[in-house]
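The values are calculated or read from the model by the stated rules, or taken from the named source; none is laboratory data. Since this is a predicted model, take the numbers as computed values, not measurements. Neighbour counts are summed over all protein chains in view; Cβ atoms, including those assigned to glycine, are modelled from backbone coordinates with ideal geometry. For accessibility, only protein heavy atoms count, side chains too; no ligands or nucleic acids. Shrake-Rupley method; radii C 1.70, N 1.55, O 1.52, S 1.80 Å.
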Amino acid sequence: MDKPYFQDIDWPGMWAATTETLYMTAISVVATFILGLLLGLLLFLTGKDNLWENKPVNTIISAFVNIFRSIPFIILIVLLIPLTTILVGSMIGENAALPALIVGAAPFYARMVEIGLREIDKGVIEAAKSMGASTSTIIFKVLLPESMPALVSGITVTAIALVGYTAMAGVIGAGGLGNLAYLEGYQRSQNDVTLIATIIILIIVFIIQFLGDIITSKIDKR
Amino acid sequence: MISIKNVRKIYSSRQGNVHAVDNVNVEINEGEIFGVIGYSGAGKSTLIRMLNGLELPTEGSVTVAGRVVSKIRGGELRKARQEISMIFQHFNLLWSRTVRENISFPLEIAGVTRKERTKRVDELIKLVGLEGREDSYPSQLSGGQKQRVGIARALANNPKVLLCDEATSALDPQTTDSILELLVDINKRLGLTIVLITHEMHVIRKICHRVAVMENGRIVEMGSVLEVFKNPQQPITKRFVQQVTEPEETKETVEQLIEQYHSGEIVQLTFVGGSAEQPVITNLIRHFDVTVNILQGKISQTQSGSYGTLFIHLDGSKDEIAKAIEFIGTQQVGVEVIRNG
Ligand SMILES: Nc1ncnc2c1ncn2[C@@H]1O[C@H](COP(=O)(O)OP(=O)(O)OP(=O)(O)O)[C@@H](O)[C@H]1O
Ligand SMILES: [Mg+2]
């Protein structure tokens with residue numbers, strides 16, 4: 001067992017796993033952003049004293065969001081196996097992780113969107129109404145731009161959580177760095193593989209955080 | 001221009017019903033600056049918000065510029081709102097947009113082309129005196145400058161009516177005056193009808209033509225500003241009028257003065273409208289054998305004339321003093337003997 005360090009590492013394999021992780025993260029972040037934004041907007045707009053105030057719809061979406069936000073991710077993957085096999089056709093490979101990643105993260109992000117939208121001054125929305133703005137104008141020209149810093153910092157946090165989720169999904173066969181660390185690193189006792197996989201994941205997380213912070217401070221003119 | 005008929009607004013809650021606006025009838029003329037004054041909770045905001053359909057009356061009808069605002073909905077209401085602009089106590093600008101982009105917003109809503117927008121925004125920036133700040137964000141502006149952006153934004157689509165909900169309440173006295181001057185200027189230049197609500201009589205005095213006093217959802221007194229100043233009927237109106245005509249210390253000062261003078265009489269003169277500019281005191285000294293000491297005075301300008309009070313001390317023979325007071329009475333000046341010497 002006295003091998004020089006890093007000798008076990010299959011660099012092309014490591015690179016392939018990294019791109020798989022990046023792929024899963026990228027696709028799920030984009031899908032989560034869109035889905036979470038829609039859900040968050042609906043939550044906000046159907047809320048009390050708002051443009052589309054609707055108690056039943058609000059209660060249903062809210063319950064849905066709360067339930068899916070509370071299910072531990074690892075259990076969510078198992079719960080979604082039937083859905084995933086229908087959508088993707090298999091439980092192996094990076095695409096197999098996507099349904100669980102999106103279903104797990106979108107409700108989480110939807111709440112952050114709702115909180116961001118609630119922070120907008122009611123007076124500003126009222127001013128837009130008093131100018132004769134339609135609801136779609138209010139959504140696209142007031143709600144989204146005025147909450148943009150919160151939307152960006154929210155998706156940053158969500159993206160980082162998603163990197164973690166991809167690693168977890170990897171353990172049950174979805175590919176990526178988590179899968180590599182588990183199969184090659186843990187099961188074959190190659191600690192250096194685990195170490196490198198961890199470092200790469202950390203680098204990805206730092207880059208996401210860094211980009212998120214830069215964008216947030218650039219767009220925040222308050 | 002604006003007609004409010006038998007309007008009532010009732011908010012229901014678990015604790016019972018609140019009559020925020022109670023059987024209000026007002027007609028506001030074109031080109032008029034109409035003020036509504038009242039203490040907090042009187043229902044002023046509720047009333048003004050019914051003029052652009054932000055609130056719907058429970059009963060009665062509201063007509064603005066020929067449109068029954070209390071009836072129309074959807075696209076028709078949105079179209080009407082482009083002609084009934086509003087400015088706010090807390091300005092309500094979009095922080096994510098520059099001055100230029102904020103002013104451009106209502107033009108975007110109205111579907112004005114980019115080229116036209118740029119041209120119109122430049123005019124408006126000049127009109128409100130914000131040259132050089134076009135590309136600043138609201139967070140970089142003072143309160144007064146923010147309200148100027150609010151006004152420019154409100155004027156963008158050439159509205160017929162401008163509603164001001166406590167538009168100067170968040171500003172210091174000097175900035176308040178400069179914003180009020182801007183509003184008068186706009187009223188004169190564009191012939192815009194302005195409805196403003198406030199709890200400061202100073203604002204009413206400075207720019208309004210007519211005023212309505214509101215208490216518990218009702219209008220308890222209404223008339224031309226000068227008339228209301230001259231002859232306030234309700235206790236609440238008298239209190240508001242005192243805000244501007246009698247500084248706090250007047251009563252004390254006059255009481256002290258009464259102690260000092262042992263002969264003659266102390267008289268309070270009330271000037272309204274044109275008489276404030278007449279040389280009453282000069283005539284008094286010229287024609288009667290009395291000495292006149294001016295003790296304290298204050299004259300306020302309103303949109304339709306001046307209003308003021310003056311305390312003087314008259315000394316001389318009893319006869320001459322009596323004649324002098326009679327003379328003042330014939331000069332369209334209110335006269336009241338405070339103390340006989
Ligand atoms: N949405 C609402 N629901 C229930 N009650 C309301 C609502 N809006 C206003 N009211 C009540 O109506 C009354 C009048 O309120 P309004 O805001 O019109 O007063 P105001 O004269 O503008 O006061 P202020 O000077 O403090 O702004 C108050 O008693 C208030 O509590
Ligand atoms: Mg109010």
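Listing for the model above:
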{"read-out": "Cα gyration tensor, region A:24-121 - rounded (a/c under 1.5), prolate or oblate", "value": "prolate"}
{"read-out": "Residue-averaged beta-carbon neighbours from other chains (10 angstrom radius) around A:121-129", "value": "6"}
{"read-out": "Helix axis angle, B:250-260 relative to chain B longest principal axis, alpha carbon, degrees", "value": "10 degrees"}
{"read-out": "Stokes-Einstein translational diffusion, region B:204-338 - Kirkwood Rh over all Cα pairs, 0.890 mPa s, 25 °C, in µm²/s", "value": "153 µm²/s"}
{"read-out": "Solvent-accessible area per residue, Å², over the protein assembly as shown with all protein chains present [probe radius 1.4 Å]", "value": "48 Å²"}
{"read-out": "Which of B:Met50, A:Met148, A:Met91 is most accessible, then next, and so on - probe 1.4 Å", "value": "A:Met148, A:Met91, B:Met50"}
{"read-out": "Highest to lowest packing among B:109-117, A:58-66, scored as the average C-beta count within 10 Å", "value": "A:58-66, B:109-117"}
{"read-out": "Residue-averaged 222 nm ellipticity for chain B, from DSSP H runs of 4+ at -39500 (n - 2.57), nearest 500", "value": "-11000 deg cm²/dmol"}
{"read-out": "Extent along principal axes [Cα atoms of the protein assembly as shown; Å; largest to smallest]", "value": "127, 53, 52"}
{"read-out": "Length-normalised contact order of region B:157-314 in % [C-alpha pairs under 8 Å, at least 6 apart]", "value": "21 percent"}
{"read-out": "Long-range HN-HN contacts of A:Ile9 with modeled amide H, under 5 Å", "value": "none"}
{"read-out": "Global size of region A:140-222 as Cα Rg and Dmax, reported in angstrom", "value": "17.0, 55"}
{"read-out": "Region A:13-219 - Kirkwood radius from inverse mean 1/r over Cα pairs (Å)", "value": "18.3 Å"}
{"read-out": "Förster radius 22 Å - calculated FRET efficiency between A:Ile74 and A:Tyr186, Cβ distance, rounded to 0.05", "value": "0.85"}
{"read-out": "Whole-percent pair-distance distribution, where bins are 10 Å wide, for the alpha carbons of chain B", "value": "5, 22, 26, 20, 14, 9, 4, 0"}
{"read-out": "Rounded to 10°, Cα long-axis angle of helix B:173-190 versus longest principal axis of chain B", "value": "70 degrees"}
{"read-out": "Number of partner chain Cβ atoms within 10 Å, mean per residue of A:134-144", "value": "2"}
{"read-out": "Cα-Cα pairs of region A:89-193 separated by more than 20 Å (percent)", "value": "56 percent"}
{"read-out": "Acute angle (nearest 10 degrees) that the helix A:144-169 long axis makes with the longest principal axis of chain A, alpha-carbon atoms", "value": "30 degrees"}
{"read-out": "Accessible area of chain A belonging to carbon and sulfur atoms, whole % at 1.4 Å probe", "value": "69 percent"}
{"read-out": "Cross-link pairs beyond the 28 Å C-alpha cut-off, checked among A:Lys55/A:Lys129; A:Lys55/B:Lys71; B:Lys79/B:Lys146; A:Lys218/B:Lys160; A:Lys141/B:Lys126", "value": "A:Lys218/B:Lys160"}
{"read-out": "Value of relative contact order over region A:13-219, rounded to a whole percent, pairs C-alpha under 8 Å and six or more apart", "value": "27 percent"}
{"read-out": "Two-decimal Rg/Rh across region B:136-252, once Rg and the Kirkwood Rh are taken from alpha-carbon atoms", "value": "1.01"}
{"read-out": "Contact surface A-B: accessible area buried, both sides summed, square angstrom, 1.4 angstrom probe", "value": "2000 Å²"}
{"read-out": "Packing-based ranking, highest mean first, of B:169-179, A:19-29, B:66-76 given that Cβ atoms within 10 Å are counted", "value": "A:19-29, B:169-179, B:66-76"}
{"read-out": "Relative contact order (%) - criterion: Cα under 8 Å, at least six apart; region: chain B", "value": "18 percent"}
{"read-out": "Overall Cα dimensions of region B:253-309 - principal axes, largest extent first, Å", "value": "40, 28, 10"}
{"read-out": "B:Ala65 paired with A:Val205, simple spin-label distance in nm, labels 7 Å along Cα-to-beta-carbon", "value": "5.8 nm"}
{"read-out": "Peptides B:142-154, A:37-49 ordered by average Cβ neighbours within 10 Å, highest first", "value": "B:142-154, A:37-49"}
{"read-out": "Within 10 Å of each Cβ in B:94-102, the average number of Cβ atoms from other chains", "value": "4"}
